[in-house]
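Peer 1: Take a look at the following structure, please.
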Amino acid sequence: MEYLWIIPFSPLVAFVIIGLFGYKFLREPLAGIVAVIGVAISAITSVIGFMDVAKTGNYYNLKLFNWMTVGDYNIAVSILWDPLSALMTCVVTCVSTFIFIFATGYMKGDESYPRFFAYLSLFVFMMLMLTLSDNLVQLFFGWEGVGLASYLLIGFWHYKKSAANAAMEAFVVNRVGDWLFLLGILLAFVTFGTLDYLEIFNKIPEVSVGIITAIALLLFGGAVGKSAQIPLHIWLPNAMEGPTPVSALIHAATMVAAGVYMVARVMPVFAASEVALDTVLFVGTMSAFIAATMGLVQNDIKRIIAYSTLSQLGYMFAAEGLGLFSEGMFHLTSHAVFKALLFLGSGSVLIALHHLLDVQKMGQIGRAMPITMGTFLIGSLALAGIPPFVGFFSKDPIIEGAFEINTFVFMFLWAGAFLTAFYIFRLFFLTFFSTDRLDPHIREHVHESPPNMTIPLIVLATATVVLGFFREFFINFLKPSLDPHSMKFLSEETKSIVWEGLARSHHVEIDADAFHFLGHSLTSFLGIVLLGTALAGIFTAYVIYQLRKVDPVKVGEMFQPIYKLFYNRWYFDHIYYAIFVYGYYKFSKLLWFVGDKMIIDGVVDGSAKASIFSGDIFRKTQLGRISGYVLQMLIGTAIFLALFLIIR
Amino acid sequence: MTPEFVPAGFPILSVSIIIPVIAAAVVFALNEKMAKPISIITSAIVLAISSYLLLVYDPSGYKIQFYEKYQWIPQFGISYEVGVDALSLTMVWLTALAFFVSFVWSTNIEKRIKEYFVSFLILEAACIGVFVAWDLVAFYVFWEVMLIPMFLIIGIWGYAERLYAATKFFIYTFFGSLFLLIGVIGMYIYNFYSNGVLSTSYFDLINVKLPHNLELIFFLLLALGFAVKVPMWPFHTWLPAAHVQAPTAGSVILAAVLLKMGTYGFVRFNLPWFPEASKYFMPVMFTLGVIAIIYTAMMAIAQTHIKRLIAYSSVSHMGFVTIGTFALNQEGVNGAIITMISHGLTSGALFLAAGFIYERLHSYEMKDLGGMAKFVPVFATLFMISAMASAGLPGLSGFVGEFLALLGTFKVSILTATLAGLSLIVGAAYTLWLYKRTMFEEELLSEEKIKEYEHLKDLNKAELWSFLPLVVFMFVIGIYPNWWINLINSTSQFVLHKIVGG
């Protein structure tokens, strides 16, 4: 398995090549091609590695390079290749490959074309360092690295003030999470004396639950930032300032899912603490519901999908909090595919409409771009949870699990499912059908996108249709990483702790086999209710936005306070801005005037004046006679000697 | 634990102090055109020497290497004694690098060119002297000599309010060093009083056994002297004033080298000489360190003058050195030393960036800046890397030191580490704010400005060659910190040997 090192370093090489020679020699389209080759190599390699693990169920731990020694512990650049990291790595590299290809079309003609692909390659390298790590520090390296890449890419069109602001916001808000995450790492190191996952897992039985809980919660703080969960979610919708392939890759499919991945990666730590699992469950559920309500009333096509991402990430965290880690990871995989599809679809729309973002000003473009429309529909159905698309096989099990485990959580996730189906079809109808509200000048130029953009759409759409039927394969595949009894690297003691920790989900039986699951859903009461909910959501959107039987404006007026709450995104942005941006800045200014200028400098400059005054007095001690100075020196020495005698 | 001494076959350290002095004399004698090339060659030689020493230094066990000792005034126990351990050596290397960079950068000096380079060369000799001297009289002489050229650099080649700033700098640091002097004299006299020996050698004074209260007093005297230099809150206000007025090369030296002397002093003197007092004052130093980190980060974001912003960010980073040092454990001291090196690189690079921006746009005020990134891509890239290193991105130098310092602190005080860790957030905020307001937001520019910008020149050769070494070493330390940790390990063990034993 030595060849695995190719996976992260192939995009790094592409990054260095494009970074150094991008503008002078490669330019367009060579820079893009180099990037695609770089990521394709690592995609192929990771699929080969994936096959190996799927066959054997083994895990491999390679130490590549000793980065830093702290005491007795070596922090190494390393690769832990087990089903979990293999799955995540495959998702990252494969989705990236198609998004890179799409981007060669999307970024056509941009003056900073090489820079874009350099950043994208850097991102993939960092993301792979994150997924492949076998210890928390390398994970943190990747974690911060993808934060940097995200910053650079959100601010890619940095001539725009809004993009520069969004980039900075994303980085700083992420840093809030990273602060907690770093403290978690420090606490883990002080507690366990090591930061390698496998060693940490086997030391869990020696450590009190209180400390485990603290570590888990601190690490989860990082996940909340990176995966944009409430209350650190505000950066993600603004991150849509970046080019659409970036939104698809970083802010939907891969980077934002890093938090979900991290929680699954250190699953035994979370499982060992009930409080930690409950927190994950609560934050996930709330995010799933609240973000869906925010998505209902937005008009920016990319922001609607961004809120949907927040909401779906909430479902994944909820699954983990319920103890259904495999379901969470399966939903991550499925979401990566269909959400990348939706974002790329919207990117295709944006190209056709010259970067018009407001869905209220679109309409009836479906006929002009059938491939985009068709694939977008598949993505929307998957998101809404309609069989046989992959979203159905990954999202419904989570809601059904919630029904068995926690009614409160179930209610929110169920309501969220209705909202999800509604908002995505509101978007779908307003964009592709409904009335023609498009500016005639733009309408003239509406066209289907070129093949290097539509082919990725078709591939992803195919995956959306097919992937769901591999449900059983994925669930079984993940067992050696997430099912305590099959995890080879755990000691017996840890196994029993983890098993007890996941007790909440023991009574839940969800069919792994896709056909059984489908059959069960269509016959059981709960399954029919859930399916009916999704269809009701779609139907409501159809009635309001396609048939126009109900005027949405009037509905908005009827529920004025709620509409306002949703439209203003529950006022999170306003409150944060007031306290942490405006408040912090003004307070700093005030502190500068009062603290540094008035008080400290007042004392300093004041004492300078005082010394001029006192200098006049002390001048009289300068007699100008040697004997005088000798006397003073003796007095000084005597003072010291006296001091020594007094203080003994 | 008594250190071993490895005498130098060839007085290489004295030579590296003397070379700049000789060069200064030569520059003074020759005409103006020769000043810059001679200075660059001189600093390159010193850099080569110190790099060579860095490579041949033997990090196994604590040894004072390249050691020289000559009697000076034996009647009073004063000698000339130089040598290096890893702490000294890394600081000497950093000094040599910073001066090389500054000389290469200094192209646009208009007045008194000879005097400018002479001041810098004398300053370089004094700075190296401070770091290699083991005799307290020699140390103190170098320490004070250094003030004069720096005073001149700010006072003559600075900007509008240079005299105020230069005077403030001089009086403030002189005020601090008086306490240092009193402390050192006290130690000297006490050593005589208790052992009957007159000696100003570091290795004699380290063995003085002080009564508890006296130890506390001497600790405070030395600490006051060093705290002004670091500078620690609330003695920091001279620094922004000095930086704002100093010419670019002066700022680089001030940030990269002069600030290190304060923290060097803490690690070199306070910890080994006053182990009990160090433990006793740990909470005080932690508090001051945390205030420095958070308070000055807030100061930084309140600024509109980019050099003042960077100056405040320096104070904030030095807070990490303070808490790392006074964590009084191996990780903490290692972290403090690596942060010192890293801060030398990043703050130096950031001041170069500020200088670059000023040379192009003739302003340091944010309201006149912005939108440059597209027109100067190479500079924008190097500036971004420096900013990220300063913000502590893993893989670059800043993270290594801060991680170790935080780890060391975390072991002692979770609260301190938690608060200090906030710099992850506030530090990112002011750094990115600085970058955004200088490099991004082109759309806010007026038409004329954009036309003006189209003639902007990216880094010229001199600028590139002064920027590059700093950036390269940010990567070197960030990617392969083990080499540096291995280098300084035995030194930090020695520094702590009275505190943790061994």
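The values are calculated or read from the model by the stated rules, or taken from the named source; none is laboratory data. Here the structure is a predicted model, which is why all the values come from computation and not from measurement. Positions of Cβ are generated from backbone atoms using ideal geometry, with glycine treated the same way; all protein chains shown enter the neighbour counts.
Peer 1: What pairs come up if the first residue lies in segment A:519-544 and is aliphatic (A, V, I, L, M), the second is not in a helix (DSSP H, G or I), and their beta carbons are under 7 Å apart, counting only those six or more places apart or on different chains?
Peer 2: Here the result reads A:534/A:385; A:534/A:386; A:543/A:549; A:543/A:550; A:544/A:550, each pair linking segment A:519-544 to a residue that is not in a helix (DSSP H, G or I).
Peer 1: Follow-up. Does segment A:138-155 include one or more residues that are of a type in the set (Phe, Trp, Tyr), facing chain B (nearest Cβ under 9 Å), part of a helix (DSSP H, G or I) and within 16 Å of residue B:421 (Cβ to Cβ)? Can you show your working first?
Peer 2: Pass one, segment A:138-155, residues of a type in the set (Phe, Trp, Tyr): A:140-141, A:143, A:151.
Within this subset, residues satisfying the condition of being facing chain B (nearest Cβ under 9 Å) are A:140-141, A:143, A:151.
Add one more test, that the residue is part of a helix (DSSP H, G or I), and what stays is A:140-141, A:143, A:151.
Checking which are within 16 Å of residue B:421 (Cβ to Cβ) leaves us with A:140, A:143.
Within segment A:138-155, one or more residues are of a type in the set (Phe, Trp, Tyr), facing chain B (nearest Cβ under 9 Å), part of a helix (DSSP H, G or I) and within 16 Å of residue B:421 (Cβ to Cβ).
Peer 1: Do we find that residue B:92 is within 20 Å of residue B:254 (Cβ to Cβ), modelled with pLDDT of 90 or more and in contact with a strand residue (DSSP E or B) (Cβ under 8 Å, 6 or more places away or on another chain) in this structure?
Peer 2: yes
Peer 1: Let me confirm something: among A:604, A:630, which residue is among the β-branched types (Val, Ile, Thr) and more than 14 Å from chain B (Cβ to nearest Cβ)?
Peer 2: A:630
Peer 1: A further question on this structure: Can you name the condition, by its number, that residue B:119 falls short on among (1) closer than 20 Å to residue B:21 by Cα; (2) crowded, with 24+ Cβ neighbours inside 10 Å; (3) at pLDDT below 95?
Peer 2: All conditions are met except number (2).
Peer 1: I've got another one for you. Wholly within segment B:2-92, which strands (runs of 3 or more DSSP E) include no fewer than the required count, namely at least 3 residues that are at positive phi?
Peer 2: Strands (runs of 3 or more DSSP E) meeting the threshold: none at all.
Peer 1: Oh, and also: For segment A:555-648, which helices (runs of 4 or more DSSP H) that fit wholly inside it have 1 or more residues that are among the charged types (D, E, K, R) and within 54 Å of the chain's Cα centre (by Cα)?
Peer 2: Working: elements: A:560-567, A:572-576, A:584-591, A:601-618, A:626-646.
Answer list for segment A:555-648: A:560-567, A:572-576, A:584-591, A:601-618.
Peer 1: All but one of (1) basic (Lys, Arg); (2) buried (at least 20 other Cβ atoms within 10 Å of the Cβ); (3) over 30 Å from residue A:510 (Cβ atoms) hold for residue A:395; state the number of the condition that does not hold.
Peer 2: Condition (3) is where residue A:395 drops out.
Peer 1: Which of the helices (runs of 4 or more DSSP H) contained wholly in segment A:206-295 include at least 3 residues that are over 18 Å from residue A:332 (Cα atoms), small (Gly, Ala, Ser) and touching a strand residue (DSSP E or B) at 6+ places or on another chain (Cβ under 8 Å)? Break it down stepwise before answering.
Peer 2: Numbers: elements: A:209-226, A:235-238, A:244-248, A:258-265, A:267-271.
Those helices (runs of 4 or more DSSP H) do not exist here; none qualify.
Peer 1: Is one or more of the residues making up segment A:164-175 surrounded by 24 or more Cβ atoms within 10 Å (Cβ to Cβ), within 9 Å of another protein chain (Cβ to nearest Cβ) and more than 17 Å from the chain's Cα centre (by Cα)?
Peer 2: So far as segment A:164-175 goes, yes, one or more of its residues are surrounded by 24 or more Cβ atoms within 10 Å (Cβ to Cβ), within 9 Å of another protein chain (Cβ to nearest Cβ) and more than 17 Å from the chain's Cα centre (by Cα).
Peer 1: Would you mind stating whether residue B:237 is within 11 Å of chain A (Cβ to nearest Cβ), within 22 Å of the chain's Cα centre (by Cα) and on the phi < 0 side of the Ramachandran plot?
Peer 2: yes
Peer 1: Please list, ordered by first then second residue, the pairs with beta carbon atoms under 7 Å, 6 or more apart or interchain, first in segment B:178-207 and in contact (Cβ under 8 Å) with a residue 24 or more places away in the chain, second buried (at least 16 other Cβ atoms within 10 Å of the Cβ) and of a type in the set (Val, Ile, Thr).
Peer 2: Going by the 7 Å Cβ cut-off, the qualifying pairs are B:187/B:208; B:188/B:200; B:190/B:208; B:200/B:78; B:200/B:137.
Peer 1: Quick one: count up the residues across segment B:401-436 that are among the charged types (D, E, K, R) and crowded, with 20+ Cβ neighbours inside 10 Å.
Peer 2: 2
Peer 1: Is it the case that segment B:249-266 has a residue that's under 23 Å from residue B:201 (Cα atoms) and within 13 Å of chain A (Cβ to nearest Cβ)?
Peer 2: No.
Peer 1: Here's something else I'd like to know. Given the conditions (1) in a helix (DSSP H, G or I); (2) farther than 21 Å from residue A:19 by Cα; (3) within 14 Å of another protein chain (Cβ to nearest Cβ), which single one is not true for residue A:116?
Peer 2: (2)
Peer 1: Would you mind stating whether residue B:165 is buried (at least 22 other Cβ atoms within 10 Å of the Cβ) and either part of a helix (DSSP H, G or I) or in contact (Cβ under 8 Å) with a residue 24 or more places away in the chain (or both)?
Peer 2: yes
Peer 1: Something else now. Condition (residue is away from chain B (no Cβ under 14 Å) and surrounded by 24 or more Cβ atoms within 10 Å (Cβ to Cβ)) applied to segment A:54-77: is it met by at least one residue?
Peer 2: Quick first cut of segment A:54-77, residues away from chain B (no Cβ under 14 Å) only: A:54-62.
Applying the additional criterion that residues be surrounded by 24 or more Cβ atoms within 10 Å (Cβ to Cβ) yields none.
So far as segment A:54-77 goes, no, none of its residues is away from chain B (no Cβ under 14 Å) and surrounded by 24 or more Cβ atoms within 10 Å (Cβ to Cβ).
Peer 1: Which residue is farthest from the other protein chains (Cβ to nearest Cβ), if the candidates are limited to segment B:353-381 and must be in a helix (DSSP H, G or I), surrounded by fewer than 21 Cβ atoms within 10 Å (Cβ to Cβ) and in contact with a Phe, Trp or Tyr (Cβ under 8 Å, 6 or more places away or on another chain)?
Peer 2: Ranking the candidates gives B:358 first.
Peer 1: Restricting the first residue to segment B:456-480 and requiring it to be surrounded by fewer than 14 Cβ atoms within 10 Å (Cβ to Cβ), which pairs with a second residue that is assigned to a helix (DSSP H, G or I) meet a Cβ separation below 6 Å and a spacing of at least six or different chains?
Peer 2: So the pair list comes out as B:456/B:360.
To keep it simple, each residue is scored yes or no on (1) crowded, with 24+ Cβ neighbours inside 10 Å; (2) within 14 Å of residue B:257 (Cβ to Cβ); (3) among the hydroxyl-bearing types (Ser, Thr, Tyr).
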site	(1), (2), (3)
B:62	no, no, yes
B:68	no, no, no
B:82	yes, no, no
B:86	yes, no, no
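Peer 1: Return a yes/no flag: does segment A:569-587 have any residue that is aliphatic (A, V, I, L, M) and within 14 Å of chain B (Cβ to nearest Cβ).
Peer 2: yes
Peer 1: Then there's this: Among the residues of segment B:118-154, which ones are small (Gly, Ala, Ser) and assigned to a helix (DSSP H, G or I)?
Peer 2: B:119, B:125, B:126, B:129, B:138 - these are the residues of segment B:118-154 that are small (Gly, Ala, Ser) and assigned to a helix (DSSP H, G or I).
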